[in-house]
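The values are calculated or read from the model by the stated rules, or taken from the named source; none is laboratory data. Bear in mind the structure is a predicted one, so any value in this text is a computation, not a measurement. Note that each Cβ is placed from the backbone with ideal geometry, even for glycine, and that neighbours are counted across all protein chains shown. Accessible surface is based on the protein model in full, side chains and every heavy atom, while ligands, DNA and RNA are left aside. Shrake-Rupley method; radii C 1.70, N 1.55, O 1.52, S 1.80 Å.
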Amino acid sequence: VGKGVGLVVSPWNFPVAIPVGGIAATLAAGNTVILKPAKDSILCGYMLCQCFWNAGVSKNTLQFITGKGSEVGEHMIPSKDIDFTIFTGSEQTAYDMIKKRPDIHISAETGGKDATIVTALADRDQAIKNVVASAFHNSGQKCSATSLLVLEKELYEDENFKRTLKEAVESLKTGSVWDFSNRIGTLSNVPTGPLEKSLTYLDDGEEWLVKPDYADKGNPYMLTPSVRWGTKKNDFCHMNELFGPVLSVMCADDLDHAIDIVNSTGYGLTSGIETLDKREEDYWQERIIAGNLYINRGTTGAIVIRQPFGGMRKSAIGSGKKAGGFNYVSQFMNIDYHETNLYESCSTQFIDQMRIFLTRDTVFNEECEIALKHICHFAHWYEAEFLKEHDYSHIRGESNVIRYLPVKSVLLRVKDNDDLGEALTTIMAIKMIGANIHVSIPKKSRKAELIWLESKQEAFIGEGDKFTRDDEDELVENMLKVQRIRYLHPENVPQSIYEKLAPSARYVASEPFVSHGRIELMHYFVEQSVSNSYHRYGNLGIKGLTVEQV
């Protein structure tokens, strides 16, 4: 069933696509929805609502409001009549929302500092073409736009590459969109903040490869594309999102160094690589931290189902389920599923070990038997869904893989009123996916089930794992050390926990435990999209032969 009332706060840079996704997902999950668009896209938002109303959606079900972001933050976000929020915008605004209402159920995409790495083994002309399109189309006002170009040293020192990049950028004409010879249009607003600073400030060692300027007689909305050359790690333009047509070029000693430069920004929305060496593709793919990866193609233009969109780390707040993907709608509904007649026969080394442990002489035999049935069901879905890579589009010349990355660490808080069978299943599920687990129980708990669980911890607490009794301050300190926090029921999370976690915007997975592995295991994975244009000017190569054989 739906959660209730959803508030969609949409941005100006995708004034139709993003609110359509938020409204449609909210309605599909059985909720009512309020759309609050950015002030620069009010007309688009209103016309969009008219489309839904004309199609038969009631004005009671979908409502439209306008207002300043500060007014929404003051009056709507703290309201308990709002059950969840879908937000796309700045990181600071998302933090302000959480500060106003620490227990807010939010799905937020908060921008990024996106990069493309070009190695010495790339098709250099193709790389320039893709980077220029990714950096400057839409005037660089996409959250997925490439704003960092990290070149392997050989390429960085190649004067021919440097000159070709310069000429390609200078060839982009800026002006009115009604003149079809122009390739770059207007900014949404005149440059302010970090973007304004980037136009007048250079760090030591930086220079302008292409200087910024204004077209159309100095019109401040007509900012021409510019390229900074020689940006270094931790420079202003390495670490700050600019949201405009400014590209910073950096030098890396090798691929490892390039990956470190990109990951050190703290963001993780989109990332690209240009290389013709599959070994480099694979190496980069396993080490770069971003939600959407692009190989030998642009970093913008994600398409529903093909490249579900959403980031990691500072680029996402909430459960991290990707917009345009098959799991997205699930976060806007309450799922009640409790079934014990599930798969009873399964065998992996870990489950066999737990079966021996749980079937020994114990006063909680019934709970242990239920947990074993549950984990066998979970193991089926772990292998059928979460261990596999999925390509739902099957496009010749381009693979679009959706895969699940297991979180590295989980803190499970087990309270006195939690069901022992559910707690055991959760512990086994976390261990099954290979994450480190920290089981925390209340410091003064005398609950028989928890005392028993504590006494049996040697069966599931291994290297890197912990079992502790914590008061609230100790619990919060431990929560800040892990990637995922899990409570088995929402009523078990005190408001004070949300308030203490608010400054770090930590997500707490508190949905009621569900005994269906396809649903419950989603708490312990992060989704990633990998799009690879593997053809070479239409030649599908070896991979194409494999695809044809399949």
### Message
Test of the criteria: in region 1-63, which trypsin sites (Lys or Arg not before Pro) are in a DSSP loop and have at most 14 other Cβ atoms within 10 angstrom of their Cβ?
### Response
Lys59
### Message
Give the residue list of trypsin sites (Lys or Arg not before Pro) in region 146-198 that are DSSP loop and have at most 14 other beta-carbon atoms within 10 angstrom.
### Response
Lys173
## Note on the structure
Expected unfolding gain across Asn234-Ile335 under the 0.36 nm per residue rule, minus the alpha-carbon gap, is 31.9 nm
### Task
Once you have a ≥ b ≥ c as the square roots of the Cα gyration tensor eigenvalues for region 102-186, tell me rounded if a/c is under 1.5, and otherwise prolate or oblate according to whether a/b is larger than b/c.
oblate
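To the nearest 20 debye, what is the magnitude of the charge dipole of region 1-150 about its Cα centre, counting +1 on the Cβ of each Lys and Arg and -1 on the Cβ of each Asp and Glu?
160
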### Query
Label Lys408 and Lys173 with points 7 Å out from Cα along Cα→Cβ: what is the distance between them in nm?
5.0
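Write out the GluC sites (Glu not before Pro) in region 425-472 meeting two conditions: DSSP loop, and at most 16 other Cβ atoms within 10 Å of their Cβ.
Of the GluC sites (Glu not before Pro), the ones in loops of region 425-472 whose Cβ has at most 16 other Cβ atoms within 10 Å are Glu463.
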### Message
Using alpha carbons only, how many angstrom separate the centre of region 7-34 from the centre of region 77-122?
### Response
15
### Summary
The lysines whose Cα lies under 29 Å from the Cα of Lys233, excluding any fewer than 8 residues away in the same chain, are Lys113, Lys129, Lys142, Lys153, Lys162, Lys166, Lys197, Lys211, Lys278, Lys314, Lys408, Lys481
### Query
What is the dipole size for the chain, taken about its Cα centre, with +1 at each Lys and Arg Cβ and -1 at each Asp and Glu Cβ, in debye to the nearest 20?
1100
### Query
Going by the alpha-carbon gyration tensor, a ≥ b ≥ c the square roots of its eigenvalues, is region 1-98 rounded (a/c under 1.5) or, if a/c is not under 1.5, prolate (a/b greater than b/c) versus oblate?
oblate
### Query
What's the extension gain from Glu366 to Leu480 if we count 0.36 nm per residue and subtract their Cα-Cα distance?
37.6 nm
### Message
Can you give me the angle between helix 420-432 and the longest principal axis of the chain, using Cα atoms only, in degrees from 0 to 90, rounded to the nearest 10?
### Response
40
### Query
Taking the Cα atoms of the chain, what is the range of coordinates along each of the three principal axes, in descending order and whole Å?
81, 54, 48
## Note on the structure
In degrees rounded to 10, the 0-90 angle between helix 17-28 Cα long axis and the longest Cα principal axis of the chain is 20
## Note on the structure
For Ile117, other-chain or 5+-apart residues with amide H closer than 5 Å (H placed, Pro excluded) are Val150, Gly272, Ile273, Glu274
### Query
Hey, what do the phi angles of region 226-238 turn into as Karplus ³J(HN,Hα) couplings, whole Hz, using 6.51/-1.76/1.60 and θ = phi - 60°, x for Gly and Pro?
9, 9, 8, 10, x, 4, 10, 4, 6, 5, 4, 7, 7
### Query
Angle, helix 159-170 long axis vs. longest principal axis of the chain, Cα atoms, 0 to 90°, nearest 10?
80
### Query
Lys/Arg Cβ at +1, Asp/Glu Cβ at -1, dipole of the chain taken about the Cα centre: which of Ile356, Gly324, Asn296 is farthest positive-ward?
Gly324
### Message
From the protein chains alone at 1.4 Å, what is the descending order of accessible area for Met97, Met47, largest first?
### Response
Met47, Met97
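How would you classify region 155-247 from its alpha-carbon gyration tensor, with a ≥ b ≥ c the square roots of the eigenvalues: rounded for a/c under 1.5, else prolate if a/b is greater than b/c, otherwise oblate?
Verdict is oblate for region 155-247.
Rounded to a whole number, what % of the accessible area of the chain do carbon and sulfur atoms account for, probe 1.4 Å?
It is 52 percent, rounded to a whole number.
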### Summary
Given the candidates Ala379, Phe84, Pro308, the one whose Cα lies deepest towards the positive end of the charge dipole of the chain, counting +1 at each Lys or Arg C-beta and -1 at each Asp or Glu C-beta, is Phe84
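Would you compute, from DSSP H runs of 4+ residues alone, the mean residue ellipticity of the chain at 222 nm, taking -39500 (n - 2.57) per run and dividing by the full residue count, rounded to the nearest 500? Write down the numbers at each step before the final one.
Numbers: 20 runs with 182 residues, N = 550.
Rounded to the nearest 500, it is -9500 deg cm²/dmol.
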#### Entry: Probe 1.4 Å, accessible area per residue of the chain, Å²
44
### Message
Is there a quick way to get the dipole size of region 127-245? I mean about its Cα centre, with the Cβ of Lys and Arg at +1 and of Asp and Glu at -1; what is the value in debye to the nearest 20?
### Response
320
### Mean-position separation - Cα centroids, region 272-293 and region 207-226, in angstrom
33
### Task
Over the chain, calculate the relative contact order: mean separation of alpha carbon pairs under 8 Å at least 6 apart, over the residue count, as a percent.
14
